[in-house]
Structures are given as C-alpha cells and as structure tokens.
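Q: Take this structure first; my questions come after.
Read the figures in this text as sums done on the coordinates, not as results from a lab. Everything numeric here is computed off the predicted structure, so don't read it as measured data. Please note: Cβ atoms are built from the backbone with ideal geometry, for glycine as well, and neighbour counts cover all protein chains shown.
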Amino acid sequence: MLKVKNVSKSYGDFKAVDNLSFEVKEGEIFGLLGANGAGKTTTFRMIMNLLTPDKGTITLDNKKIDYDVTDKIGFLTEERSLLLKLTVKELMIYYGTLKSMKKEQIEKNLKIWLKKFKIEDYENKKIKELSKGNKQKVQFISSIIHEPKLLILDEPFSGLDPINVDMFINAINDLKEKGTIIIFSSHQMNNVELFCEKLLILNKGKTILQGSLKDIKNNYDERRILIKADVTKAELLKLNGVKSVIIKGDEIEVNIENKKYAKDIFDYVSKKNNVLKFEVVELSLHEIFTKEVGDVNE
Amino acid sequence: MSRKFWFLTTQSLLKKIKTKTFIIVNILLLIAFSSLMNIDRIVLFFGGNFNKENNIMIVDNTYKSYDLIKDQIENGSTIIDNGLKFKVTKLDKIEKKKVKKDEDIMLVINNNEENTIDVNMITYGYIDSSVYQIITSSLNKVKQTLAIENLDISKEELSKLNESVSIKREYIQKGKNENEESMEYVLSIVTPIIIFPFFMLVTLVIQMIGAEINEEKSTRSMEIIISNVSAKVHFFSKVLASNLFVIIQCILFIIYSLIGALIRGGTPKIDTINNVGQVSKVTNMINDTGIFNNVISYIPFVLILMLVTLLGYSLLAGILASMTTNMEDFQQLQTPMMVILLVGFYLSIMSAMFDGSLFIRIISYIPFISAILSPSLLLSGVIGIKDIILSTLLMIVVIYLLIKYGLKIYKEGILNYSSNKLWKKMFKALKEKN
C-alpha cells in the first residue's frame, strides 16, 4: 500500500504541496487531479524520491522510499523521457537495469509487451525514428517492464489516437487486475471517470476534494435536471435554487445549486402538460473539477 | 548500487566508443598520424623537383665584387642549413631576358659615392624569403669586406677578421651544458607537441560531459535515472566514463604514432629531400639538448598532474552542465573554462619569454592552468619536480572542493529545467546540508 501522510513541500516562499494525505491499495487506481501548477508533479517527484518532503512521510508497503523501493515503482512522465538515440531494446535494457533487472528478464518482458502493443518490428529501431504514438507506447513499456508494484501515470494518453487509448486502457486494467497500485493523472476527465475508483483534486498545493468517485459525485450538491415538458425558461428561472436554464433543442437543461430543490422543481413541472422527461443527473467530474478549481482560483 | 554505477559508466563509455563518428575520426587520425610521420616518403612518392637550384647571375660593374659574392653565397654559413642550392655565374651586361623563372636572380653590383656597393636585384617574381635572406647577408658581408680592404689590410688579416669568434663555454652550476642553451628554440617546437594533445583532450572531455548530461536533461530521462540512482552515482559515472574515454583516445594516439613509426621502419629517409631536411635537423637538435632524458624522468609527475587536472576539468564541466538545460546554454557557461585553457596554452607556448620571472612561476601553480604550463617550464628548467608536486597537490585540493560543494549544485541542478534565478538556486544549494 502507498501511504502519503501529511506531506508538505515548499520552494522558498511558494508552498507547492500543503499537508497532502492519501492512501492507495493494491489493485486500486487513484486519480490525482489538478490544474497546471497544482502540485501534482511535485507529489510524483516526492513519491519517486527525487524530492524530499519538508514535512510528512511517504511509504510503500510501510517502507520509506529509497533506491530499493524506487526499483518497484514505474513512472510515466508527462514530458516523454526517452533517450532518442537508443534503439527500443537498448532503452529497455538501460531503464530495466537501473531497476535492478537482469538482461534476460528485460528481453523476455519486452517481447511480451511489444507484441501486446503490436510493435514487435520496432525492437531494434532507433526511438527517434518512431512516430509519436509509438514513442508513447515505448515510454509506457519502459515504465512497466520491471512489473512495478506502484505505477505512476502522468498524462498517459496525450498524443494517442482512440485505438491506442483503448490499448492503453486494456493494459492498465490488466495491471490493476494483477494488483498494481496505480496513480493516474490526466486533464481528460472522461478517462479519469473511466478508471479511478478514488481521486483527489489538488489546487495550489491544497486538497480541495478527496474520496471515491461515487461519493464525490454523490456528495456534490449541485445537480442538473433534464426536462422535456411544456414549461418556459422564464418560469423555471423564477423557481428556488435554479442557477441557470439552457434550451438545448426540445430539451431544457436546468442547473440547480442543491439537490434538495429537485423535488420542488419536479412538483412544479409535473403539473405542466406533455411531461416526457424529468431526469436529475449528477455533475460530471469535468464539471466538478472546473467548478472547484475555477472557484478557488477566482 | 555499485552494479548500477558500473552499468551507467559502461553504457556511457560504450555510447561514445560505438558511434560511427568515433570510428571514422579514429580512422582519419590513424591515417593522419602515419602520414605525418612518413611525410617525406609521401612527398617523394608523388614526385617533383626537389633539387631546385637558384641561379644567381652577377653583373659586376665594380670589377672586384664577383668572387667575393660567389664565395659568400656558395660557401657562406647560416644559422640553419636550409638545404638551398645556388649556382653563381657572371654576366658582362644586364640581360633581363635571362631572368625566366623564379629561381633566376640577377644582381647588378655598382659602386656608390662612398666607395662601397649598391645592388640592383632583378627577379622573375617574388622570391623565397630564405633565398632573399642568404643573398642580403652575403652582400652585407661583401660590403664589409670591401670596406675593410680599403683600409689596406692584408688578405690574411682580412681572413682572420672574417673568422667566427671561438667561444668556449664554462658553467659554474652543475649539470649544465651547451646544448641545453639552445632550449628556447627547441621549446618553441616541443611545447605545442606535448601541450596541444592535452589541450585537445580537455576540450573533448568538457564537450562530452556537457553533451551527455544535457541530452539526458533535455529528454527528461534524467528523472527516470535519478529516481533509480543517486545524483552522486550519476555524476561520478559520467566523469569516470569521460575520463576513461579520453585515456582510451590517448592510448590510441600513442598506438597510431607507433604504427607510423613502424611504417617508417626507422630508416631516416628525410635527408634525401633537402626541402624537408630541416625536420631531421630539429630532431637531432632536440636529441642533443638531452631533453628526452629529462622528459623520461619527468613523465610520471607530469602525467599525474595532467590526469588530476583532466579530472578537475571533467568535474567542473559536469557541475556546469547540470545547471544548464540545453547545449547552447552549456556552450555559454563553459566559455570561462575554455578561456582558462587558452591562457594556459598561450603562456605555455610563450614560456621561454618569461625565463626567470617569478610571475610565470606563480601562474604555473594555479589549478587548471598548471598542467598546461608546467611541462614547458619544467623542460626549460624554470621549475622543478617539487613545483609539479605542489601544483598537483593544489589541484587535488580544488578537486576535493569541487566534489564537496559541486555535488550539492549538481543534485539541485540536474532536476532543474529553468534558467530563471539559476545562480540564486545554485548559491542556495551550496548552503544546504548534505
């Protein structure tokens, strides 16, 4: 289990991470979200032992992070960290050996993953000659070649086409099944919703939302109501708790500030003619993220 | 951790050695070394006129200068035998049509008002400066002789006057000999031969470390590497690999020279070509000075100083490279290092000018300069083995400081991707505890 407990890190007067705490168990995918400069990279760097926290502790299976522990961690950086002059095989041997792997094991694992990603022919090709998508695949393989206990994925899908995204999703799910602890960071919230059971939203180093995806969405007060009925925008705007009304074709989208107002609105709409639809939906993670991060930044 | 250190070192070294550039450069170097050591044979192989004779035609309007000039030009001695050949003939009148090529030189000798001579030199085009020098020095001697003759001095007395003064040298200090006195000339030739390869190798090591660290930084591979090995291990692996590479290159230089010598087969063919004969004369002169005997006893000390300095330069280059984010920035930051190298190089070449100067002796102790300057000062006797040892110790102190404080900068620098407030960050890193 990865335990991040009361961790803080400052650069001079700037507090990059402020009292951060979370835990991720084996086979869990944890989403660490935040706008640029929120403190995600600093957190990853602390987990990778590249930075020492000013305060707090980070442990993997109750062991403090050192070079033996980092051997068990895979890290897919946001900016691609590939040595372009090497061939795919040379790079894997390079990174694999740094993870204390034996050459034979690296070669064996590489063959499996190259086949899985359908790039077997590129084993002896120089990385600089590969396409962006294939470089991304190589980068991904390099972070999992040593079968890590903990895998950090920082923007794993950037630059990938939908087919490759599916390939990555399958691979990540396979690793999850095998019990790998996965920390996932992405600006594409649809992907986060797809994977993460638990997540944490950081803003300017501080935790602003934390918990399971289901709870976060459920506990978030705002709701959206989708209505198909003979009711006007002006009428709806007069009701308590209504923040905005948007007409979308034959459907009306009503945003309410708290789910408690949904019943009153339902009572009002149900008296109208031609009520074909009345659906209360939770906000998407993208909306929650935008509102929370936007609100704090305002 | 030691397995990872050796892995990083080997990878870094192999990456340099396995490149096509390294192989091509070394093939070219082998060709260049072997060719230079056998240049006379190559020149001979391609053929050409090596026995050019300067045809001096003299129109002697004084009726007494011709024999003197002929004697001076054909038999007159110069400091260095250039191997030039002269044929001196007499003409009754000026015949410019006889000056048909560069080797044809017509001298018209006239009496002047002071009862000495004036000369009109007619040539086809520009003439070789050595030829010009020999002719003018011969004419000056003739002019002196004619002036002395006017004083009614007998031929015997005149001949004695023209004879060189016999100087017998005696030295109070032990171990001094006449041959070593010509060291200044010899040093001007030997110093670049010793210093230039070192200068080149130091430049190579600086560039290599800079390029490699910046490659890892710019591709962000550094984050992956540093998460698996400490900055210290990474730093020393780069320094060791670069130094090993330079030592390998150095050994290859020696092998190429030996191959060149082997091809030469030890036969001194040089004398067959007068125009390049000077090379053999210089070699003989170096032999006569006993410089090689000195060199052999000095080699271990100088080599240690050079190796220690090479290590110092590579450590400094590594620290500076960690502070930069790309090769362009590194080029700027390494400029002071290159300036120090150049200062040492030029001072070394000019060292004979500073003979006896305390200034040059003090400069020779300065770390980073000492390894370049000391060898020439040692050869010329300005400094001794003790001074070399002192320079080595000073360099070791600098290396200790570079490791102690430079490592702090390196740790901070290699994961820094912004040149913003760079110096502030580095000074802050220096203050941090280990």
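Q: Go from 0 up to the bin containing the longest alpha carbon distance in the range A:74-204, width 5 Å each, and give me the % of pairs per bin.
A: With a bin width of 5 Å, the distribution comes to 2, 10, 21, 24, 21, 12, 7, 2, 0.
Q: Still on this structure, I have one more. Along the charge dipole of the protein assembly as shown, which of B:Met323, A:Gln139, B:Ser35 sits closest to the positive end, that is, farthest toward it, with unit charges on the beta carbon of Lys, Arg, Asp and Glu (+1, +1, -1, -1)?
A: A:Gln139
Q: Please compute the net charge surrounding B:Ile27, taking Lys and Arg as +1 and Asp and Glu as -1 over other residues with Cβ under 15 Å from its Cβ.
A: Overall, the nearby charge balance is +2.
Q: Let me ask something else about it. If I model a spin label at B:Asn120 and B:Phe196 as a point 7 Å from the Cα along the Cα→Cβ vector, what separation in nanometres do I get?
A: Inter-label distance under the simple model: 4.6 nm.
Q: Let me ask another. State the Cα centre-to-centre distance between the range B:376-395 and the range B:303-360 in whole Å.
A: Centre-to-centre distance over Cα atoms comes out at 17 Å.
Q: While we're looking at this one, here's another question. Pairs A:Lys108/A:Lys137; A:Lys99/B:Lys424; A:Lys126/B:Lys408; A:Lys9/B:Lys411; A:Lys89/A:Lys178; A:Lys238/A:Lys277: which exceed 23 Å Cα-Cα?
A: The pairs that break the limit, which is 23 Å between Cα atoms, are A:Lys99/B:Lys424; A:Lys126/B:Lys408; A:Lys89/A:Lys178.
Q: Just how large is the dipole of chain A about the Cα centre, in debye to the nearest 20, putting +1 at every Lys and Arg Cβ and -1 at every Asp and Glu Cβ?
A: My answer is approximately 520 debye.
Q: Please work out the ratio of the alpha-carbon Rg of the protein assembly as shown to 2.2 N^0.38 Å and round it to two decimals.
A: Relative to the rule-of-thumb radius for its length, the protein assembly as shown sits at 1.53.
Q: A follow-up question, please. Can you give the local net charge around A:Ala16? Use residues other than it whose beta-carbon is closer than 13 angstrom to its beta-carbon, Lys and Arg +1, Asp and Glu -1.
A: +4
Q: So what's the angle, to the nearest 10 degrees on a 0 to 90 scale, between helix A:88-98 and the longest Cα principal axis of chain A?
A: 80
Q: With angles folded into 0 to 90 degrees, how steeply does helix A:285-297 sit against the dominant principal axis of chain A? Use alpha carbons for both and round to 10.
A: Helix A:285-297 sits at roughly 90 degrees to that axis.
Q: In terms of the ratio Rg/(2.2 N^0.38 Å) built on C-alpha atoms, what value belongs to chain A?
A: 1.21
Q: In addition: So for the range B:1-49, considering every pair of alpha-carbon atoms, how many percent are separated by more than 12 Å?
A: The proportion of pairs with Cα distances above 12 Å equals 72 percent.
Q: Continuing with this model, one more query. Using the charge dipole of chain A (Lys, Arg: +1 at Cβ; Asp, Glu: -1 at Cβ; taken about the Cα centre), state which of A:Gly159, A:Thr77, A:Leu276 has its Cα farthest towards the positive end.
A: A:Thr77
Q: With each run of n ≥ 4 DSSP H residues scored as -39500 (n - 2.57), what mean residue ellipticity at 222 nm is computed for the protein assembly as shown after dividing by its residue count and rounding to the nearest 500 deg cm²/dmol?
A: Helices in the protein assembly as shown give a 222 nm mean residue ellipticity of -16500 deg cm²/dmol.
Q: Per residue of A:91-99, what is the mean number of Cβ atoms on other protein chains within 10 angstrom of that residue's Cβ?
A: So the per-residue partner count for this stretch is 4.
Q: Taking chain A as the reference, fit the longest principal axis to its C-alpha atoms, fit the long axis of helix A:103-116 to the helix C-alpha atoms, and give the angle between the two in degrees, 0 to 90, nearest 10.
A: Its long axis makes an angle of about 40 degrees.
Q: Could I ask something else about it? Dipole of the range A:221-282, Cα-centred, from +1 at each Lys and Arg C-beta and -1 at each Asp and Glu C-beta, to the nearest 20 debye?
A: 100
Q: Can you give the charge dipole size of the protein assembly as shown about its Cα centre, rounded to the nearest 20 debye, using +1 on the beta carbon of Lys and Arg and -1 on the beta carbon of Asp and Glu?
A: The dipole magnitude comes to about 2560 debye.
Q: Relative contact order of chain A, please, whole-number percent, based on alpha carbon pairs below 8 angstrom and at least 6 residues apart.
A: 20
Q: I'd like to compare B:313-323, B:343-353, B:32-42, B:254-264: which one has the highest average count of other Cβ atoms within 10 Å, and what's the full order after that?
A: B:313-323, B:343-353, B:32-42, B:254-264
Q: Report the rotationally averaged projected area of the range A:221-282 based on its alpha-carbon convex hull, in square nanometres.
A: 3.5
Q: Determine the shielding of peptide A:78-85 by partner chains: average, over its residues, the number of Cβ atoms on other chains within 10 angstrom of each Cβ.
A: Neighbouring Cβ atoms belonging to other protein chains average 5 per residue here.
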